[in-house]
Structure formats: C-alpha cells, structure tokens
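The values are calculated or read from the model by the stated rules, or taken from the named source; none is laboratory data. None of the values given here were measured: they were computed from a predicted structure. Every residue, glycine among them, receives a Cβ derived from its backbone with ideal geometry; neighbour counts consider all protein chains shown. Surface accessibility is based on the protein's heavy atoms, side chains included, excluding ligands, DNA and RNA. Shrake-Rupley method; radii C 1.70, N 1.55, O 1.52, S 1.80 Å.
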Amino acid sequence: MWQEIKSSSIAFRKHLHQHPELTWQEVKTTEFIRSKLDEFGIAWEPCTDTGTIGRLAQDKKGKHIALRGDIDALPINENTHLDWKSKHAGCMHACGHDGHTATLLATAQWLKLHEASLSGPVSLIFQPAEEGGHGALKMIEQGALSGVDEIYGWHNWPSIAYGHAVCPEGPVMSANSIFNIKVKGVGGHGSQPESCRDPVLAGSAIVMALQQIVSRRIPPQLAAVVSVTSFDAKSASNVILEEVNLAGGIRAERTEARDMISELITEIADETARAYGCEAGVTHTPCYGATVNHAHQSANFRQALAQEFGDHWQAENIAVPIMASEDFSYFINEIPGAFALIGADDNNNHHHPCHSSHYDFNDKLIERVVSLYARLVGAPVPEKL
C-alpha cells in the first residue's frame with residue numbers, strides 16, 4: 001500500500017508544480033488538497049480563505065500534534081526543461097512548497113490507514129502565504145492552534161546533502177525585516193556644489209556607515225546581516241539631486257536583535273545625513289521573527305532524524321541559524337514545536353538553491369519525511385523497498 005501512496009504523491013507533486021499559485025491566490029491548490037482529503041476520508045475544515053486543516057483521531061485523549069506544510073509559489077519564471085515545468089508564466093514552485101504539500105498529503109493518507117494506532121489527535125495544517133504573506137499568523141488568528149499541544153515542520157534544503165539535516169535546539173532560521181531610507185538634500189547644478197546639499201554623497205556615506213553595525217555595534221557571538229541592496233539616485237550628469245532612496249534588509253538570529261539593529265540603522269542614517277547637511281527618513285517593515293526550536297520538541301525531531309538517516313545524519317557544513325526566514329516562527333512562538341532543514345542534494349540536479357529559476361524539489365524526500373512525521377506522532381513507519 002505504501003508504494004501506491006508514494007507513487008501517487010509524486011504525481012501530486014508534479015501536478016502542483018505545473019499549476020503554481022502565488023501567495024493568497026492558492027485557490028486551485030486548495031481545491032486540490034481538499035479533494036484529496038475527501039478521497040482519503042479525512043475530515044477537514046477551512047482556516048483562512050485558502051488554508052485547510054485536516055483532522056485525524058480527534059476523539060483520542062493523548063497529546064495533540066500538528067504537522068505543517070506550506071502551499072504557495074513564487075513570482076519567478078521557471079528556467080528548466082522538466083516534463084512537469086510550470087504552465088503559468090511568471091509563477092513557479094521555486095522553493096519546494098509543491099513537495100511540502102505532496103508530503104503532507106502522503107502523510108495524511110498513511111496516517112488515515114493507521115488512525116487507530118494514534119494515541120492522540122493529529123492536525124494537518126496546509127498553510128497558504130508563507131512567502132511573505134504571514135499565512136501562519138492569519139491561521140493562528142483563526143484558531144489553527146486551538147487545542148494543539150505541539151507542532152512540527154520542515155523545509156527541503158538544497159545546500160545540504162541528501163540523507164543529512166539540521167534541527168538545533170534554539171534558533172534554526174533568522175528574523176528579518178526591510179528598511180527604506182529617504183535622504184533629502186538641496187538639489188541644483190553640478191557646477192555649483194556649494195549651493196547644494198548632495199544626497200548622493202550623504203547616501204553613500206550612510207551605506208558605508210551601515211556596514212559597521214555588524215562588526216562594531218553588536219556582539220560577535222550574534223549572527224546578523226545588514227545589506228543595502230538598492231540605491232536609487234538616477235540623474236543627469238550635471239544635476240545634483242534633491243532626494244535619493246536606499247533600501248535593504250536585516251537578518252538576525254534573534255527577533256530582539258533584529259529590532260535593535262533597526263534602531264541602530266535609524267540612528268546612523270539620521271546622524272550621518274545631518275553631517276552632510278541632509279535629512280534622512282527611515283521606515284522599517286518587520287517581516288518574520290526568528291524560528292527558535294523548543295528543547296523537548298527539537299530533541300524528538302533529532303531522534304526521529306537519527307532513526308531515519310542513521311547516526312551521522314547531522315549536516316556538518318551548515319552553520320545555524322541560517323539567515324533565511326520562515327513564518328513557521330509564528331507557530332512556535334505560540335506553542336512548543338520544532339523545525340528541521342532536510343537535505344535535498346543527491347548529486348542528481350537537486351543542488352539549485354531555493355528561489356532559483358532552475359530549482360526542482362527532490363521527490364525522494366517525500367518518503368523520508370512521511371517516515372519522520374509518522375515517528376513524531378507514534379504511527380507505524382512505511383516499509384521502504
């Protein structure tokens with residue numbers, strides 16, 4: 001029976017890959033998920049417009065565990081020659097959420113067959129809008145975690161070799177935010193700089209000053225990144241501009257560190273601009289908080305990983321936390337839980353990083369993660385051929 005589930009799940013994954021949908025637009029994806037849950041005989045309920053929660057063993061009295069899979073795609077033109085290449089121009093499953101969804105569907109079907117063996121309820125959270133849409137937060141606000149004791153999630157990771165993973169106690173993925181800096185000066189003719197206050201010069205000084213935050217203003221033990229990624233200062237060769245705009249991002253292993261860095265950016269931009277006779281206006285847009293694993297649940301996940309992949313499962317070449325971010329952080333800010341990054345690179349074209357136009361999910365991971373999820377909820381593990 002497991003081989004049939006595995007084959008159909010790979011077919012599900014390729015179907016989803018061909019029909020990606022962007023954040024909060026996952027209508028057909030959600031219809032597909034709900035139709036499969038109906039086929040499996042699994043009760044489900046909507047949670048947000050395009051979110052779905054499958055329910056198993058709801059009458060059991062043991063610990064209530066939730067398992068999460070994200071469902072949205074990215075605004076990227078796919079650059080592959082796969083038979084299952086995206087059919088939607090400008091939209092692609094470039095992060096593997098097609099695989100995460102197919103894996104949770106395979107888990108649903110497997111656990112339904114073994115529902116009687118479950119000691120407590122299991123909720124299967126098919127979450128929309130992970131890619132910047134705060135879908136986890138919206139689902140929490142609508143009761144997704146009501147009655148849930150702990151939660152587990154994962155992400156495929158192409159820079160980790162297949163058969164390896166990371167799942168630390170503490171931070172596994174970083175907090176992030178976006179900043180925008182508007183530098184206002186006095187414009188004029190390029191031949192008369194003394195009559196102007198040059199925002200390009202002030203903006204350049206701000207860029208250089210911000211590079212000192214990580215090296216000089218925060219402890220070296222704290223992982224953080226400050227990147228200025230945009231400098232909008234287009235002008236004629238003989239015109240000193242009135243205003244320029246800078247933008248960039250912050251990554252930090254702790255949410256409070258991200259917020260501290262935001263304050264430093266505002267302070268440095270303001271004081272530096274003033275030194276050049278200009279003014280700086282800074283706005284910050286917090287995105288996701290740090291994904292910080294709980295001790296007991298991360299130990300559970302590590303035990304399952306060791307059982308699945310063997311004693312040498314831990315990826316030695318990946319420093320954690322990685323600087324990418326995840327809205328799974330919302331879930332484990334609310335209840336105990338853990339999140340793992342599981343290696344995808346099997347030397348068979350699965351090394352392309354997430355968000356690359358060349359990316360494709362490694363279908364071998366479906367079987368392995370179903371086994372991990374089964375262990376975490378106390379169900380039998382599928383026998384592998």
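Each 5 Å bin from 0 upward holds the following percent of the Cα-Cα pairs of the range 179-299: 2, 11, 20, 19, 15, 11, 8, 5, 4, 2, 1, 1, 1, 0. Since only 122, 215, 142 are under comparison, the one whose Cα sits farthest along the positive direction of the charge dipole of the range 96-249, derived from C-beta charges on Lys, Arg, Asp and Glu, is 215.
Rg to Rh for the range 45-108: what is it, with Cα atoms only and Rh by Kirkwood? Walk me through the numbers on the way to the answer.
Values: Rg = 15.6 Å, Rh = 14.1 Å.
In the range 45-108, Rg relative to Rh is 1.11.
Radius of gyration over Kirkwood radius for the range 202-249, both on Cα atoms: the Rg/Rh ratio is 1.12.
On a per residue basis, the convex hull of the C-alpha atoms belonging to the range 293-367 measures out at 124 Å³. Eigen-decomposition of the gyration tensor built on the alpha-carbon atoms of the range 1-131 gives equivalent ellipsoid semi-axes of 27, 16, 11 angstrom, largest listed first. Of the beta bridges in the chain, as assigned by DSSP with both residues counted there, near 70 percent are antiparallel.
In square angstrom, what is the accessible area per residue of the chain with a 1.4 angstrom probe? Before the final figure, lay out the partial values.
On the way: 16250 Å² over 385 residues.
Roughly 42 Å² per residue, with all protein chains present.
I'd like the Kirkwood hydrodynamic radius of the range 237-385, using the inverse of the mean 1/r over distinct C-alpha pairs, in Å.
Details: mean 1/r = 0.0515 Å⁻¹.
Across the range 237-385, the inverse of the average 1/r is 19.4 Å.
Which entries of 85/112; 61/364; 138/182; 6/85 have Cα-Cα distances beyond 23 Å here?
Details: 85/112 31 Å; 61/364 34 Å; 138/182 31 Å; 6/85 20 Å.
In this structure, 85/112; 61/364; 138/182 exceed 23 Å between Cα atoms.
Once a ≥ b ≥ c are taken as the square roots of the eigenvalues of the Cα gyration tensor of the range 1-73, is the result rounded (a/c under 1.5), prolate (a/b larger than b/c) or oblate (a/b not larger than b/c)? Since a/c reaches 1.5 but b/c is at least a/b, the shape of the range 1-73 is classed as oblate.
Roughly how big is the range 266-385's charge dipole about its Cα centre, with Cβ charges of +1 (Lys, Arg) and -1 (Asp, Glu), in debye to the nearest 20?
Numbers: 6 positive and 16 negative charges, 74 e Å.
Computed about the Cα centre, the dipole is about 360 debye.
In plain terms, the C-alpha convex hull of the range 69-180 casts an average shadow of 10.8 nm² when viewed from every direction. Can you tell me how the range 136-242 classifies by the Cα gyration tensor, rounded, prolate or oblate, using a/c under 1.5 as the rounded cut? Here the range 136-242 falls in the prolate category. Dipole orientation for the chain: of the candidates 94, 50, 163, 163 has the Cα lying most toward the positive pole (charges on Cβ; Lys, Arg +1; Asp, Glu -1). Largest accessible area first, the listed residues 254, 216 line up as 216, 254 when surface is computed with a 1.4 Å probe on the assembled protein chains.
Under 1.5 on a/c is rounded, so check that first for the range 332-385, then, if it is not, pick prolate when a/b is larger than b/c and oblate when it is not; a ≥ b ≥ c are the square roots of the alpha carbon gyration tensor eigenvalues. Before the final figure, lay out the partial values.
Details: a/c = 3.72, a/b = 1.33, b/c = 2.79.
Verdict is oblate for the range 332-385.
For the chain, return all DSSP H helices satisfying: extent of Cα atoms along own axis at least 30 Å; mean Kyte-Doolittle hydropathy at least -1.0. Correct list, ordered by number: 255-275. With distances taken between every two different alpha-carbon atoms, the range 252-338 has a Kirkwood hydrodynamic radius of 16.0 Å. Shape annotation for the range 18-59: C-alpha extents along the principal axes are 35, 20, 9 Å, from largest to smallest.
Over every Cα atom in the chain, the radius of gyration and the widest Cα-Cα span, Dmax, amount to 23.6, 82 Å.
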